[in-house]
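The values are calculated or read from the model by the stated rules, or taken from the named source; none is laboratory data. Since this is a predicted model, take the numbers as computed values, not measurements. All Cβ positions, glycine included, derive from the backbone under ideal geometry; neighbour counts span all protein chains shown.
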Amino acid sequence: MPNAFNFNASPFDCLDGSERQLVRDHVDIAYFREGAVILDAGQQALHLFVVIKGHVRQLDGDELVDTLGPDDCFDGRALVAGQVVGRFVAAEEVLAYQLARQTVLDLIARNVTFGALLFADLSKKLSALAERDSQHELQSLGLTRVEQAVVRPATIVDGQTDIVSVVKVFQAQHTGSVLVRDARTTPPRLGVFTTSGLQRAILHGAPLAELPVRELATFKLVTVRPGDHLFDALALMIRHQVHRVVVAEGERIDGFLEQVDVLSYLSNHSYLITRQILEARDLDGLTDAAAHITRLIGLLHRGGTKVALIARLVQELNAKLFERAWQLIAPAELVANSCLFVMGSEGRGEQLLRTDQDNGLVLRDGYVLPSDLDVICWRFSAALARFGYPECPGRIMLSNPSWRQDASGFGQTVRHWLQAADAEGLMALAIFVDAHAVAGDPALLEQVRARLDAAVTDNDAMLARFAAAIDAFESHGGWWNRLFTIGDAPAERLDLKKAGLFPLVHGVRALALEAHVGATGTVARIEALVAAGRLPADLAPDLIDSLHFFMELRLRAGLEALELGRDNDRAIDVNRLGSLDRDLLKDALAVVKRFRAWLRQRYRLDML
């Protein structure tokens, strides 16, 4: 029996030892000449094939549906359905494993995940993957290192400093611990004094303003290095019965790692970042918090957290980040008389890694603007760029006067975008429809939304022109046939936004605008549209799963780019995907293709 069978390829990577032995005992090797029909439409499927060498074309009539290469398998669905749909033809000489139908059915009966990955639809495949991947979460968290957590800065005071002065440091620095340097020894020794030491100081009896802190400090420091594992640091705290350890590398002191921070990091990492943001006294503190958000995304992704949950968390954290930045930059009166909002994927709650800024400002009617409003808005845009959010190439941000208007002016502007229906106006409208308030008075944004909602009528021609943007990137077409290259062809890079995300998101956006759906998130819009009878119920789950799969692929590619120090160009290298991901990508793009066809019919886009 062939011993070189690749059990690392999907769906065979989910088999246990006995199931793998079943494969070894029943697998054979088959050879097909170039042009040979391996399986034909209507034929009964007797084997599951796994390509070893060469490529196989899957055809539906004369249309190329797919190109299969090494480690790809076919046709699992035909084994269950009873007969083959389409044709599988050898594009060149093909060497393949063949596994008898009964053996495959035995594996399906013994391993539900194998069956789901082999022949199920997109939703069932993703559910099986989620169940399989969840077991890795605790292991991933166990590999987290101290430097990835939030280490609190440490203030060092001289041992001669009196207790009252140390308490003033506690108050000023919002901390409960300081390091104490005692210069009376050679070399100087380093200790720690915390709020719990105040009890001993009071009971000491000496006036606190005259009592040197070295008298109450603990000079047996428990230390960890930045590269130590977080769980090891927690174990060290438990062993020494302390609530904090000093993070140090050689002579360098990085700060304190608190027990409460370790526990919060392992159970609710976002809490630490939220506290960092709320307690930030300047933009430097917010810059650090923004970096922690990116690290949190990587940690949660490695831990198996679903991409939808990560995106929701990121939206909330970013909203806090933007709100605090606006509060630090804008005078309180301006904050109270305006509404800062974000748009695009940020507004929909579907942004993961940082992308271009898309934001604006609605001002209260009649409010007297500050004379330096331009400078304030420019400083905010510059602050976001400092946090890692590049300026929008189209200048869709509040430093652009066009994107900061009073409520009445903004209302007139969005009505103009809607009624003029020119390409530029429709693009601006599409961006604004996703607006989400993050700071100030959200009622101001709702006033503008109400003006837009009132202007949306049953004007089918206008709505059709808006919906027609689903074909905006059709000139970049051919991706379906070029999705998988054959042999040694150059790597194929696919822009997921153009090929999948944009037509899906914008199609749902157009339906939501027509139906007066107030939600901004794509999933919430889909659910509302199904409830209102505006979207087929059987299409909705596939759209949601496809959206999340596209987001997952983009996140994976973006995190890899960050690790390698490259820019995230939003495109993925299809040839580097595993066989399962390529299979899921085909399924997801097929869903988008079906959705676009439904929208074309729904809005009669062929008549435009």
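Filtering the range 169-183 to residues that are surrounded by 13 or more Cβ atoms within 10 Å (Cβ to Cβ) and farther than 20 Å from ASP261 by Cα leaves VAL169, VAL180, ARG181, ASP182. If you check GLY42, GLY35 for being part of a loop (DSSP other than H, G, I, E, B), of a type outside the set (Asp, Glu), surrounded by fewer than 16 Cβ atoms within 10 Å (Cβ to Cβ) and in contact with a strand residue (DSSP E or B) (Cβ under 6 Å, 6 or more places away or on another chain), only one passes: GLY42. If LEU309 satisfies all but one of (1) more than 26 Å from ARG281 (Cα to Cα); (2) surrounded by fewer than 17 Cβ atoms within 10 Å (Cβ to Cβ); (3) touching a Lys or Arg at 6+ places or on another chain (Cβ under 7 Å), what's the number of the condition it fails? Status for LEU309: all satisfied but (3). Within the range 153-168, the set of residues being closer than 25 Å to ASP228 by Cβ and surrounded by 18 or more Cβ atoms within 10 Å (Cβ to Cβ) comprises just one member, ALA154.
Identify all residues within the range 345-374 that are on the phi > 0 side of the Ramachandran plot and more than 14 Å from the chain's Cα centre (by Cα); write none if there are none. Within the range 345-374, GLY366 is the sole residue that qualifies. Taking the range 489-531 as the range and being basic (Lys, Arg) and either surrounded by 22 or more Cβ atoms within 10 Å (Cβ to Cβ) or farther than 30 Å from GLN419 by Cβ (or both) as the test, the residues that pass are ARG493, ARG509, ARG525. Apart from one condition, VAL89 fits all of (1) in a strand (DSSP E or B); (2) out of contact with any Lys or Arg (no Cβ under 6 Å at 6 or more places or on another chain); (3) modelled with pLDDT of 85 or more; the exception is (2). With the structure loaded, tell me whether ALA325 is out of contact with any Leu (no Cβ under 9 Å at 6 or more places or on another chain), part of a helix (DSSP H, G or I), touching a residue at least 12 places away in the same chain (Cβ under 8 Å) and among the small types (Gly, Ala, Ser) or whether it fails that test. No. Candidates VAL51, VAL56, VAL37: the one that is of a type in the set (Val, Ile, Thr), free of Cβ contacts under 8 Å to residues at least 60 places away in the same chain and out of contact with any Leu (no Cβ under 7 Å at 6 or more places or on another chain) is VAL37. From the residues in the range 518-568 that are over 21 Å from the mean Cα position of the chain (by Cα) and touching a residue at least 60 places away in the same chain (Cβ under 8 Å), which one is farthest from LEU494 (Cα to Cα)? Applying the filter and picking the extreme gives GLY518.
Do you know which residues across the range 451-485 are assigned to a helix (DSSP H, G or I), within 16 Å of LYS497 (Cβ to Cβ) and at pLDDT 75 or above?
ALA469, ILE470, ASP471 - these are the residues of the range 451-485 that are assigned to a helix (DSSP H, G or I), within 16 Å of LYS497 (Cβ to Cβ) and at pLDDT 75 or above.
All conditions in (1) among the hydroxyl-bearing types (Ser, Thr, Tyr); (2) surrounded by 18 or more Cβ atoms within 10 Å (Cβ to Cβ); (3) farther than 18 Å from VAL246 by Cα hold for THR186, with the sole exception of (2). With respect to ARG379, is the statement that it is among the basic types (Lys, Arg), out of contact with any Leu (no Cβ under 6 Å at 6 or more places or on another chain) and modelled with pLDDT of 90 or more true? Judged against the criteria, ARG379 is a match.
Every residue, every condition in (1) in a helix (DSSP H, G or I); (2) crowded, with 20+ Cβ neighbours inside 10 Å; (3) in contact with a helix residue (DSSP H, G or I) (Cβ under 8 Å, 6 or more places away or on another chain); (4) touching a residue at least 60 places away in the same chain (Cβ under 8 Å), yes or no:
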| position | (1), (2), (3), (4) |
| --- | --- |
| GLU333 | yes, no, no, no |
| PHE341 | no, yes, yes, yes |
| GLU346 | yes, yes, yes, yes |
| GLN357 | no, yes, yes, no |
| ARG386 | yes, no, yes, yes |
| GLU391 | no, no, yes, no |
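Answer with yes or no whether ARG110 is surrounded by fewer than 19 Cβ atoms within 10 Å (Cβ to Cβ), among the basic types (Lys, Arg), closer than 26 Å to ALA590 by Cα and at pLDDT below 85. Criteria not met by ARG110.
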